[in-house]
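For reference, the structure discussed in these notes is given below.
The values are calculated or read from the model by the stated rules, or taken from the named source; none is laboratory data. Note that the structure is predicted; figures quoted are calculated from it, not measured. We place every Cβ from the backbone using ideal geometry, glycine too, and count neighbours over all the protein chains shown.
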Amino acid sequence: MTVTAPDPLWEAIRAEAAEAARDEPLLASFLHMTVLRHATLEDVLAFHLSSKLASPIMDARALMELFCEALADDGTIARAVRADIRACYERDPACDAYSMPLLYFKGFHAIQSQRVTHWLWKKGRRTLAYFLQNRISEVMGADIHPAAAIGEGIMLDHGTGVVVGETAVIGDNVSLLQGVTLGGTGKVHGDRHPKVGDGVLIGANASILGNITIGDGAKVGAGSVVLDDVPAHTTVVGVPARAVGRPDEDMPALGMDQRV
């Protein structure tokens with residue numbers, strides 16, 4: 001995909017990669033191959049994710065063509081990628097460069113890969129979407145159904161053990177930590193997974209189950225099991241979760257304060 005407009009984020013990533021290549025000669029080849037030889041952020045993403053997800057069943061070249069096709073066809077993916085990189089940089093104290101999530105954070109990789117499986121799902125290519133869902137789970141440790149609708153500005157911190165079901169919806173500017181489950185409650189078919197509003201913070205190993213709503217600006221404490229709707233701007237914690245107050249911020253996902 002060719003981006004003609006100025007892209008400050010991409011220029012910052014290129015500059016960071018060039019500096020890192022100078023500072024660490026052992027990684028210079030990796031950084032040139034993965035970042036510096038490419039013309040756009042979209043090209044880097046397609047190359048890097050396809051390299052990670054390649055297997056004897058589907059090689060990296062075929063996957064790269066698929067990722068490039070998705071990015072060229074759906075401009076919302078590229079916009080979400082940039083918002084997700086900024087989310088990691090602004091919310092994760094361990095992230096001190098824009099290039100870090102792009103190169104090294106498997107939670108970020110899992111979300112971007114799911115955006116491509118979601119594109120496949122909407123195109124009716126469900127067999128391939130399921131194949132890639134399985135591969136993403138194997139490689140990146142997050143199992144996110146291709147049909148799940150995910151907004152932008154998402155930080156999937158660490159990503160290990162995250163499960164997101166078929167009819168789940170995640171709004172914009174949401175932060176989820178490791179081990180989060182957005183699941184169903186049994187064998188019910190149809191709309192059966194949580195709907196998470198904008199600005200929500202979900203702590204590590206929290207389980208949100210059923211076709212329930214987590215309102216905008218809510219906070220779910222680590223280890224909680226949520227079985228009922230959570231009003232907007234409410235903090236819940238426990239098993240089962242109960243309301244214990246209000247977050248100090250309108251969008252707790254941005255502040256990342258996990259105290260309750």
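The table that follows gives values for the structure above.
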read-out	value
A218 being closer than 22 Å to D248 by Cα, surrounded by fewer than 20 Cβ atoms within 10 Å (Cβ to Cβ) and not basic (K, R)	no
Set F108, F47, F67: member being in contact (Cβ under 8 Å) with a residue 40 or more places away in the chain, within 21 Å of E11 (Cβ to Cβ) and crowded, with 17+ Cβ neighbours inside 10 Å	F108
Residue in segment 93-103 that is of a type in the set (S, T, Y), under 21 Å from L254 (Cβ atoms) and in a helix (DSSP H, G or I) present	no
Residue match in segment 68-82 (condition: outside any helix (DSSP H, G or I), touching a strand residue (DSSP E or B) at 6+ places or on another chain (Cβ under 9 Å), within 23 Å of G171 (Cα to Cα) and assigned by TED's automatic domain parsing to the domain that holds E11)	no
Residue within segment 128-146 that is part of a helix (DSSP H, G or I) and touching a strand residue (DSSP E or B) at 6+ places or on another chain (Cβ under 6 Å) present	yes
Matching entry among S50, S55 (being in a helix (DSSP H, G or I) and among the polar types (S, T, N, Q))	S50
Residue in segment 220-234 that is at pLDDT 95 or above, in contact with a strand residue (DSSP E or B) (Cβ under 6 Å, 6 or more places away or on another chain) and under 25 Å from I85 (Cα atoms) present	yes
Close pairs (8 angstrom Cβ cut-off, 6 or more residues apart or separate chains): assigned by TED's automatic domain parsing to the domain that holds A218 and modelled with pLDDT under 95 in segment 179-206, of a type in the set (A, V, I, L, M, F, W, C) and loosely packed, with under 15 Cβ neighbours inside 10 Å anywhere	T185/L227
Neighbours by Cβ (under 6 Å, 6+ apart or cross-chain): first from segment 219-239, in contact (Cβ under 8 Å) with a residue 24 or more places away in the chain; second charged (D, E, K, R) and part of a loop (DSSP other than H, G, I, E, B)	A232/D216
Residues satisfying the stated conditions in segment 1-39, i.e. surrounded by fewer than 16 Cβ atoms within 10 Å (Cβ to Cβ), touching a residue at least 24 places away in the same chain (Cβ under 8 Å) and part of a loop (DSSP other than H, G, I, E, B)	T2, V3, A39
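A quick yes/no check of all residues on (1) in contact (Cβ under 8 Å) with a residue 12 or more places away in the chain; (2) assigned by TED's automatic domain parsing to the domain that holds S50; (3) over 20 Å from P101 (Cβ atoms):
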site: T117; (1), (2), (3): yes, yes, no
site: L120; (1), (2), (3): yes, yes, yes
site: K123; (1), (2), (3): no, yes, yes
site: R126; (1), (2), (3): yes, yes, yes
site: Y130; (1), (2), (3): yes, yes, yes
site: N134; (1), (2), (3): no, yes, yes
site: E138; (1), (2), (3): no, yes, yes
site: G153; (1), (2), (3): yes, no, no
site: H158; (1), (2), (3): yes, no, no
